[in-house]
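Colleague: The structure's right below; bear with me while I get my questions together.
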Amino acid sequence: MNPLIHSLHPYPFQKLADLLSSVEPNGELPVIKLTIGEPQHDAPSIVLETLKNALDGVSKYPLTKGENSLREAISDWACNRFNLPQLSADSQILPVTGTREALFAITQALVGEKKDPLVVSPNPFYQIYEGAGILAGAELHYLPCEADKQYKIDYQAVPDSIWQRCELLFVCSPNNPAGSVTTLDEYRFLLEKAKQYNFAIIADECYSEIYFEEKPLGLLDACIQLGNHDYSNCLIFQSLSKRSNLPGLRSGFVAGDASLLKPFLQYRTYHGCAMPLHHQLASITAWNDEAHVANNRDIYQRKFKQVLDILSPVISVSKPEAGFYLWPKLPMNDEEFCTKLYHEESVLVLPGSYLGRDVDGHNPGQNHVRMALVAEESECVEAAQRIARFMKKHQNL
């Protein structure tokens, strides 16, 4: 067995299950889960209709590169969404079976050229970044997202010795869990470092279509504004899971630097993860329609307003720039909070420390929890009311 497998950390939800294994929820209240970021809104009916009518695709092997019609639909969507003058459907786009597997796979494909390579990740982070780096044989370097910096990374504080060893930088924007968005000035700095030290910027943008005021800036948009017209050293990862409430379709794409995507396509040909043809056809319908996406944002807007009206008076929490998570700071230990909240109010939230790592004795996720507002509006409001009641009961902590 690959010995690096033993270096993988338990997944956050397994840690939560272990934490609560001997804890009983309040039997008088139904359990409300705010843990996993799995959209619960209805899937678009037009996509489901396309999927139903495309089932003859199961009798055909799909192309790893995907159908040209899908890549053209993705190109049209990305150019419109991110103000791109062009994005080649032939060389700068690759459909993938969800961004989770693609984020893992790109790390295996890109890491290994430098001596003592680093994979640089935000902290807290989506745990796939870490696992991918470990199994690629790289060392992980974590960049803290702290409350006193509005949960944004101070990239300019990172020494050049780190950038020199870096082979791959994960940027999650909008960020999971805090919802912060990477700015043009931050991308300007990162693009300069990527060019100077030859590393790839991997932008996980799966939450980009759930926003409240301004559309979040995308990495490829930043490239065009900053004169990087061929998207050198840059790849974005986009998905239909959050945008279109289609997590089970396993449909997304990678786009950007053609010189990175060409060998990645070859890697994926061996990897064997081509998107089924009927999923491709359903994806075309999804990428071509914005009405359901706007409706989806309206639902989240209403939920966030109601939930924040309830929680803001009793807990340190603010509206994110984008995404569907709340990331409140607690007056108590996050594991203790989760355990007591589950036992007393039958509400499940995720300890923030499970999403981060200790660096020099400090985990930037500690004393936070992640709340995913993905359930129905009434459930989210009910959960907020229970949390507010819990906080008032324990306000002396």
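Colleague: Relative to the Cα centre, what is the charge dipole magnitude of the chain, using +1 at the beta carbon of each Lys and Arg, -1 at the beta carbon of each Asp and Glu, and rounding to the nearest 20 debye? Don't skip to the answer; put the middle values down first.
Modeller: Numbers: 35 positive and 48 negative charges, 40 e Å.
Charge dipole of the chain: 200 debye, to the nearest 20.
Colleague: If you don't mind, another one. Would you please state the base-10 log of I(q)/I(0) at q = 0.11, 0.14 1/Å for the chain, with intensities from the Debye formula using one equal scatterer on every alpha carbon?
Modeller: -0.81, -1.30
Colleague: Now for a separate question. Let me spell out the model: positive unit charges on the Cβ of Lys and Arg, negative unit charges on the Cβ of Asp and Glu, origin at the Cα centre of the stretch 61-289. What dipole size does that give, in debye rounded to 20?
Modeller: Numbers: 18 positive and 26 negative charges, 94 e Å.
Computed about the Cα centre, the dipole is about 460 debye.
Colleague: Can you give the Rg/Rh ratio of the stretch 44-159, where Rg is from the C-alpha atoms and Rh is the Kirkwood radius? Kindly include the intermediate steps, with their values, before the conclusion.
Modeller: On the way: Rg = 19.0 Å, Rh = 17.7 Å.
Ratio of gyration radius to Kirkwood radius: 1.07.
Colleague: In the chain, once you exclude exposed trypsin sites (Lys or Arg not before Pro) (DSSP loop, at most 11 other Cβ within 10 angstrom), what's the longest stretch remaining? Walk me through the intermediate numbers first.
Modeller: Values: sites that count: 60, 115.
Counting only loop sites that pass the neighbour cut-off, the longest clear stretch is 116-397.
Colleague: With the contact rule set at Cα under 8 Å and sequence spacing of 6 or more, what percent relative contact order holds for the stretch 252-357?
Modeller: Details: 35 pairs, mean separation 11.2, N = 106.
Relative contact order comes out at 11 percent.
Colleague: Can I ask one more? For the chain, with a Gaussian network of springs between Cα atoms less than 10 Å apart, report the residue from 230, 116, 298 with the top mean-square fluctuation.
Modeller: Result: 116 has the largest fluctuation of those listed.
Colleague: Given Cα pairs under 8 Å that are at least 6 residues apart, what percent is the relative contact order of the stretch 61-289? It would help to have the intermediate numbers written out before the result.
Modeller: Numbers: 420 pairs, mean separation 63.3, N = 229.
28 percent.
Colleague: Another question, then. Where a ≥ b ≥ c are the square roots of the eigenvalues of the C-alpha gyration tensor, would you call the stretch 322-392 rounded, which needs a/c under 1.5, or, failing that, prolate if a/b is larger than b/c, or oblate?
Modeller: On the way: a/c = 2.52, a/b = 1.52, b/c = 1.66.
Taking the square roots of the gyration eigenvalues as a ≥ b ≥ c, the stretch 322-392 is oblate.
Colleague: Now a separate question. Return the whole-Å distance between the Cα centroid of the stretch 292-314 and the Cα centroid of the stretch 241-287.
Modeller: So the separation of the two Cα centres works out to 30 Å.
Colleague: Round to the nearest 10 and give me the degree value, 0 to 90, for the angle of helix 258-271's Cα axis relative to the longest principal axis of the chain.
Modeller: 80 degrees
Colleague: While we're looking at this one, here's another question. Compute the signed sum of charges (Lys and Arg +1, Asp and Glu -1) over the other residues within less than 14 Å, Cβ to Cβ, of residue 205. List each step's numbers first, then the result.
Modeller: Working: positive: 81, 100, 215, 242, 243; negative: 204, 209, 221, 321.
Summing Lys/Arg as +1 and Asp/Glu as -1 gives +1.
Colleague: Just to confirm my numbers, what's the Cα centroid distance between the stretch 116-173 and the stretch 331-352 in Å?
Modeller: One Cα centre to the other: 28 Å.
Colleague: Now for a separate question. Is there a quick way to get the dipole size of the stretch 183-313? I mean about its Cα centre, with the Cβ of Lys and Arg at +1 and of Asp and Glu at -1; what is the value in debye to the nearest 20? Write out the running numbers ahead of the final one.
Modeller: Details: 13 positive and 15 negative charges, 83 e Å.
About 400 debye.
Colleague: Separate question: Taking springs between alpha-carbon atoms closer than 10 angstrom, which of 22, 312, 121 fluctuates most in the Gaussian network model of the chain?
Modeller: Of the options given, 22 has the highest mean-square fluctuation.
Colleague: Turning to a different aspect of this structure: Looking at 194, 86, 131, which one has the Cα that reaches farthest to the positive end of the dipole of the stretch 61-289 (charges on Cβ: Lys, Arg +1; Asp, Glu -1)?
Modeller: Value computed over the given set: 131.
Colleague: Determine the percent antiparallel among the DSSP beta bridges restricted to the stretch 61-289, to the nearest 5.
Modeller: On the way: 9 of 27 bridges.
Among the beta bridges of the stretch 61-289, antiparallel pairing accounts for roughly 35 percent.
Colleague: Right, another one. Quick one: if you stick a label point 7 Å off each Cα along the C-beta vector at residue 192 and residue 86, how many nm between them?
Modeller: According to this spin-label approximation, the distance is 2.9 nm.
Colleague: GNM on the chain, C-alpha springs below 10 Å: top fluctuator among 86, 301, 156?
Modeller: 156
Colleague: Classify the stretch 61-289 as rounded, prolate or oblate, taking a ≥ b ≥ c as the square roots of the eigenvalues of its Cα gyration tensor: rounded when a/c is under 1.5, otherwise prolate if a/b is larger than b/c and oblate if not. Mind dumping the intermediate values first?
Modeller: Numbers: a/c = 1.57, a/b = 1.31, b/c = 1.19.
The shape class here is prolate.
Colleague: On a 18 Å Cα-Cα criterion, which of the cross-link pairs 149/329; 319/340; 114/195; 242/303 come out too long?
Modeller: 319/340
A short reminder: the numbers here are calculations on the coordinates, not readings from a lab. This one's a predicted model, so the numbers in the text were calculated from it and none came from an experiment. For neighbour counting, all protein chains shown are included, and Cβ atoms are generated from backbone atoms with ideal geometry for every residue, glycine included.
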